[in-house]
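Every number in this text was worked out from the coordinates using simple rules, so none of it is lab data. This structure is a prediction, so every number in the text was calculated from the model and none was measured. Neighbour counts run over all protein chains shown; Cβ positions are idealised from the backbone, glycine included.
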Amino acid sequence: MSIFSGSFHKLKQIGIAELIKKHKERFVYAGKQVANIVAKTQDFLNEIIELQNKCSTKKYLLVEDSLTLLSPKKNGFVDTELLYKHEKQIREAGGSVILIHHLNKNGIFADSQKIEDFADYTFLVERNDFNNCILLNPQKRSRFDIKEKAYQTENRKIIAEIDFNMANISYSESNFIKIIIDLLQDGDEMNQSEIIKYLKQSSYFSKYGVGEKKVINWLEKWAKAEKWKCEQRASEKNAKYYFLIQTEKLTKLPNYNKKEI
């Protein structure tokens, strides 16, 4: 069941109106007044607590994406005592609560300390626009073994889970990786000087505004990540040679030609 506020016109714009029309009994309209919204929401949370206590074999998942729906502001800030009053009871009864909260215009997670104190663990959700990826970066792990996650999106939908390290990089670095893999793909090996020479000839440095030192660091970084193999040879005046290993197992790069969302 869902509770919502705001105008029906806006809900129609984002495609929710059709769901409401089809499943009327699963939606509650709280109105536009804050007092009404909070009262309706608190009643709704009480119902969830009762359901969870009665149905121990089921696990109710509560997703909250608007603190305004849950608690009025006190002195300009969300009243967190009321905010977590019922959420704690839902959790104690065996249910789960997911809080979704945005950063403010200064990039700060407002009311973050109270929210993080309440949460068992937290993720920072970010979007990498150049490759249409969504990143989930753990901020608070507590006792949970939670991992970073990355997802490829298309037309506002998640289409695949992808390697986090590959998604959490800049456009220039992702293209660098693709170039090096293409160079070494046929089983050839190249030393560091040959790679630098090729990048200069292909205008990579000027196109992406990247220096040689940065490229050398990337070569070593992704060798450690096993995108390719690095071998320093004493017989070649300690020159570093790069080549691919188990190329069939290399993580496929995201398609950067996909339409931006």
*asked:* Run the simple label-point estimate for residue 56 and residue 26 please: 7 Å along Cα→C-beta, distance reported in nm.
replied: 2.8
*With r defined as the distance between the Cβ atoms of residue 46 and residue 163 and R0 fixed at 51 Å, what FRET efficiency is calculated, to the nearest 0.05?*
0.70
*When we measure straight from the Cα of residue 213, which lysines land under 30 angstrom away, once same-chain ones fewer than 8 places off are left out?*
149, 178, 197, 200, 221, 224, 227, 229, 237, 240, 249, 252
_For segment 35-119: Kirkwood Rh in Å [reciprocal of mean 1/r, alpha carbons]_ = 13.6
*Work out the FRET efficiency for residue 125 and residue 243 from their Cβ-Cβ distance, taking R0 = 41 Å, and round it to the nearest 0.05.*
0.65
_Suppose we look only past 17 Å in the calculated P(r) of segment 121-191. What percent of the Cα-Cα pairs does that tail hold?_
55
*In what order do 91, 233 fall by count of nearby beta-carbon atoms within 10 Å, going from fewest to most?*
233, 91
